[in-house]
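Report on one structure; see the data block that follows.
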Amino acid sequence: MSLNVLLITLDQFRADCLSVAGHPLVKTPNLDRLAKQGVRLTKHYSQCAPCSPGRASLYTGMYQMNHRVVANGTPLNRSFDNVALLAQRAGYAPALFGYTDQAIDPRDATGPDDWRLNSFEGVLPGFDCKLFIPENHVLWIEHLRANGFDVPMDAQKVLRTEPDRPAEFGISAFLTDHLLTWLDQQNGPWFAHASYLRPHQKLRTTQPMSSCRFRTVTICTLRTKCFCNFPMPLRHSTTRGSDTCARSITE
């Protein structure tokens, strides 16, 4: 054991939204640098969705039909190996910053009142959670309040108002600051998982990125029909019940 390992995940990040991949608008200089200094797998596909099933595949290396996590909240069988347990066997003490969204195996519950039985936000077995960021984002909101921001104890409202605050007070910076503080305390090889929420909706970001302006761009114009000749609704269709999608975004 001699290498340091940093596993970074970004939530709902499109594979084509990288300037190194040729996106005409998106600029990702830091991710581009990582890609150029390492390996970019251009045909790596997420095994399944949404969050918990996709992460179960990522963490265990298994197909969904085998790990059987089919939705947010489906328990992950404790008998399955995962990346954190593998790191432990290699001599690391894997640390988590963020979340893994893996529901607990009921056999590991402390009793019928264990809160994890009613949540999909459990921590993957094997990780030592250094900073837990569940959906309520309580620690981040308390951090903002401690720094003079008048924000409600409502994660969705606070996420929507990220453009009103400097980048150093964003949810991503909050996680990064805790990770860097922890790294400064390490005296030997380490394994850390930085699990970021962004760019997960609400689709907002902090200053100065939020003040960027782009020209209006037509994203898609699609017409789809299913085999039974009924219109197939598109998730982002601008007109309910229509079988067309013509979307423009102005940022």
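The values are calculated or read from the model by the stated rules, or taken from the named source; none is laboratory data. Predicted, not measured: the structure shown is a model, and the values here were computed from it. Here the Cβ is made from the backbone with ideal geometry for all residues, glycine too, and neighbour counts use every protein chain on show.
Things worth noting here:
- Filter pass, residue 126 being in contact with a strand residue (DSSP E or B) (Cβ under 7 Å, 6 or more places away or on another chain), surrounded by 14 or more Cβ atoms within 10 Å (Cβ to Cβ) and in a loop (DSSP other than H, G, I, E, B): no
- Considering the conditions (1) farther than 19 Å from residue 172 by Cα; (2) touching an Asp or Glu at 6+ places or on another chain (Cβ under 8 Å), residue 44 is excluded by exactly one of them, (2).
- All told, residue 108 falls short of being closer than 23 Å to residue 7 by Cα and either free of Cβ contacts under 8 Å to residues at least 60 places away in the same chain or buried (at least 18 other Cβ atoms within 10 Å of the Cβ) (or both).
- Residue among 77, 66 that is of a type in the set (S, T, N, Q) and part of a helix (DSSP H, G or I): 66
- Considering only residues in the range 142-168 that are out of contact with any Pro (no Cβ under 8 Å at 6 or more places or on another chain) and hydrophobic (A, V, I, L, M, F, W, C), the one that is farthest from residue 103 (Cα to Cα) turns out to be 149.
- Exactly one residue among 97, 120, 132 is under 18 Å from the mean Cα position of the chain (by Cα), aromatic (Phe, Trp, Tyr) and surrounded by fewer than 16 Cβ atoms within 10 Å (Cβ to Cβ), and that residue is 132.
- Of all the listed residues (43, 36), the sole one being farther than 20 Å from residue 94 by Cα, modelled with pLDDT under 90 and surrounded by fewer than 16 Cβ atoms within 10 Å (Cβ to Cβ) is 43.
- Residue satisfying condition, being in the same structural domain as residue 182 (by TED's automatic domain parsing), closer than 27 Å to residue 139 by Cα and out of contact with any Pro (no Cβ under 6 Å at 6 or more places or on another chain), within set 88, 102: 102
- Matching residues in the range 7-23 - criterion: being within 27 Å of residue 133 (Cα to Cα) and either of a type outside the set (D, E, K, R) or surrounded by 14 or more Cβ atoms within 10 Å (Cβ to Cβ) (or both): 7, 8, 9, 10, 11, 12, 13, 15, 17, 18
- Inside the range 1-47, residues that are within 18 Å of the chain's Cα centre (by Cα), in a loop (DSSP other than H, G, I, E, B) and closer than 22 Å to residue 97 by Cβ make up a count of 5.
- Any hit, the range 163-175, residues being of a type in the set (Ser, Thr, Tyr) and either outside the structural domain of residue 198 (by TED's automatic domain parsing) or over 16 Å from the mean Cα position of the chain (by Cα) (or both): no
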